[in-house]
Amino acid sequence: MYLALEATPKEFRQRVESSDALYFYHLAKPINLDHCLSLPESSKPTYTMLGFCCDEGVRRNQGIIGAKNGPKAFREAFYNLPYHLNNFALFDAGDVICQEQDLEDAQKTLAEYVKRILDLGAIPIVIGGGHETAWGHLQGIYQSGYFPTIYNFDAHFDLRQTTDNKGSSGTPFYQACEYLKSLNKPFEYNCFGIQNFANTRTLFDFADANGVNYQLAEEINLASSNTDYIETCLRSQKDSSLYLSICLDVFNASIAPGVSSQQPLGIYPEYVIQSMKKIKEINPAMALDIVELNPLKDKNNLTAKLAASLIAVYLHA
């Protein structure tokens, strides 16, 4: 089910500021994708946020549910951040809601609205939800005629095989791989922050067999904010469109406790921030999402604030 935004951005306001204070709730405008035929013409990049209220993929993957509440927690954090640049437009289209554990139908609906956003000439920012969000998001991108290179910041490959053709939060990039193979199109997948002990040997073998570029979390942590590896990937793939996915379980559990699969050996934000700036500089994303925000596991909204800050950083990069 698609739900137009229940609360306008301004209704997420948590403080009263002077008239010259500029927060994201001032900037974002609500839209209903069922009735929106066009967006105002603008020379600025235009982004449209869309929530995916779903944790059925996490449940199927035997994780800790709660990510369906992620979009609301994200908005509460994001709309109370100040913005500093006026060189982009921002809309909020509300949420797609997974009902009765029907993940496949929810992903189909998400795909339809992602395609609609792209057809309007905007860049979708999808707020999950578990990482099953990515397969719905990618289906909409593929239906729009784009076959982008995937950049995923994640502790997991999410290349698990489906069961009885049903996916989960652990299968989205396997599903993308199989779909692209059926079209005789290349599977171009880059994953940064992979944990040795969060992925089986079978998953590493599948990644190697399918030409996946990946960087281990321990290598990233040793190199601190060094982005040479991702910059090499970007420059070698700059002729392809780019889809960016950020799974919050890539981060160290001390700063991202609000996820299903916490990572004590996870990476730190500076690497992702510098990488996002490189992406924006070399090959800006034509679509992006941020997933696995579970407010039920969060502490003092720390993970929600991290997610909100990362999207704010990308918009300002």
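Scan Y113, Y142, Y146, Y79 and give me the residue that is among the aromatic types (F, W, Y) and either within 14 Å of the chain's Cα centre (by Cα) or under 15 Å from A307 (Cα atoms) (or both). Walk me through how you get there before you give the answer.
Working: Y113 fails: either within 14 Å of the chain's Cα centre (by Cα) or under 15 Å from A307 (Cα atoms) (or both); Y142 fails: either within 14 Å of the chain's Cα centre (by Cα) or under 15 Å from A307 (Cα atoms) (or both); Y146 fails: either within 14 Å of the chain's Cα centre (by Cα) or under 15 Å from A307 (Cα atoms) (or both).
Every option except Y79 fails the conditions.
Annotation: P40 fulfils all but one of (1) at pLDDT below 95; (2) under 13 Å from the mean Cα position of the chain (by Cα); the unmet one is (2).
Output the residues belonging to segment 78-106 that are touching a strand residue (DSSP E or B) at 6+ places or on another chain (Cβ under 8 Å) and either polar (S, T, N, Q) or closer than 20 Å to P45 by Cα (or both).
Residues of segment 78-106 touching a strand residue (DSSP E or B) at 6+ places or on another chain (Cβ under 8 Å): 79-83, 88-98, 103-104, 106.
Within segment 78-106, Y79, N80, L81, P82, Y83, F88, A89, L90, F91, D92, A93, G94 qualify.
Against the list (1) crowded, with 16+ Cβ neighbours inside 10 Å; (2) small (G, A, S); (3) closer than 23 Å to Y314 by Cβ, the condition G57 fails is (3).
Sort out which residues of segment 24-54 are in contact (Cβ under 8 Å) with a residue 24 or more places away in the chain, surrounded by fewer than 21 Cβ atoms within 10 Å (Cβ to Cβ) and over 12 Å from L90 (Cα atoms), and write them in order of number. Within segment 24-54, N32, L33, D34, C36, S38 meet the criteria. Could you tell me whether segment 282-289 includes any residue that is closer than 26 Å to R59 by Cβ, out of contact with any Ser or Thr (no Cβ under 6 Å at 6 or more places or on another chain), surrounded by 17 or more Cβ atoms within 10 Å (Cβ to Cβ) and among the polar types (S, T, N, Q)? Within segment 282-289 (the criterion being closer than 26 Å to R59 by Cβ, out of contact with any Ser or Thr (no Cβ under 6 Å at 6 or more places or on another chain), surrounded by 17 or more Cβ atoms within 10 Å (Cβ to Cβ) and among the polar types (S, T, N, Q)), the answer is no, since none of the residues qualifies.
What number of residues within segment 169-186 satisfy the criterion of being part of a loop (DSSP other than H, G, I, E, B) and either surrounded by fewer than 24 Cβ atoms within 10 Å (Cβ to Cβ) or modelled with pLDDT under 95 (or both)? Before the answer, list the steps.
Kept after step one, since they are part of a loop (DSSP other than H, G, I, E, B), are these residues of segment 169-186: 169-171, 183-186.
When the remaining residues are screened for being either surrounded by fewer than 24 Cβ atoms within 10 Å (Cβ to Cβ) or modelled with pLDDT under 95 (or both), the result is 183-186.
Going through segment 169-186 one residue at a time, the tally reaches 4.
Count of segment 187-224 residues, restricted to those that are outside any helix (DSSP H, G or I) and either small (G, A, S) or in contact with a Leu (Cβ under 7 Å, 6 or more places away or on another chain) (or both), is 6. Among the residues of segment 111-139 satisfying the criterion of being of a type in the set (A, V, I, L, M) and not in a helix (DSSP H, G or I), which is nearest to G70 (Cα to Cα)? Checking each candidate, the answer is I127.
Residues are listed down the side, and each one gets a yes or a no for (1) under 19 Å from P148 (Cα atoms); (2) out of contact with any Gly (no Cβ under 9 Å at 6 or more places or on another chain):
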{"site": "L244", "(1), (2)": "yes, yes"}
{"site": "S254", "(1), (2)": "no, no"}
{"site": "P257", "(1), (2)": "no, yes"}
{"site": "L265", "(1), (2)": "no, yes"}
{"site": "L288", "(1), (2)": "yes, yes"}
{"site": "P295", "(1), (2)": "no, no"}
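Residues in segment 256-274 include at least one that is touching a helix residue (DSSP H, G or I) at 6+ places or on another chain (Cβ under 8 Å) and closer than 12 Å to F74 by Cα.
Residues that are exposed (fewer than 11 other Cβ atoms within 10 Å of the Cβ) and among the acidic types (D, E) were ranked within segment 206-234; the one that is modelled with the highest pLDDT is D208. Candidates in segment 82-110 are the residues that are of a type in the set (D, E) and part of a loop (DSSP other than H, G, I, E, B); of these, the one that is farthest from the chain's Cα centre (by Cα) is E100.
For segment 155-163, the criterion of being at pLDDT below 95 and not hydrophobic (A, V, I, L, M, F, W, C) is satisfied by at least one residue. Scanning segment 290-317 for residues that are assigned to a loop (DSSP other than H, G, I, E, B) and either surrounded by fewer than 21 Cβ atoms within 10 Å (Cβ to Cβ) or at positive phi (or both) yields a total of 5. Residues that are farther than 22 Å from I290 by Cα, modelled with pLDDT of 85 or more and among the aliphatic types (A, V, I, L, M): does segment 12-20 have at least one? So far as segment 12-20 goes, no, none of its residues is farther than 22 Å from I290 by Cα, modelled with pLDDT of 85 or more and among the aliphatic types (A, V, I, L, M).
The values are calculated or read from the model by the stated rules, or taken from the named source; none is laboratory data. Computed from a predicted model, the values in this text were never measured in an experiment. Counting neighbours? That spans all protein chains shown, and the Cβs are built from the backbone with ideal geometry, glycine included.
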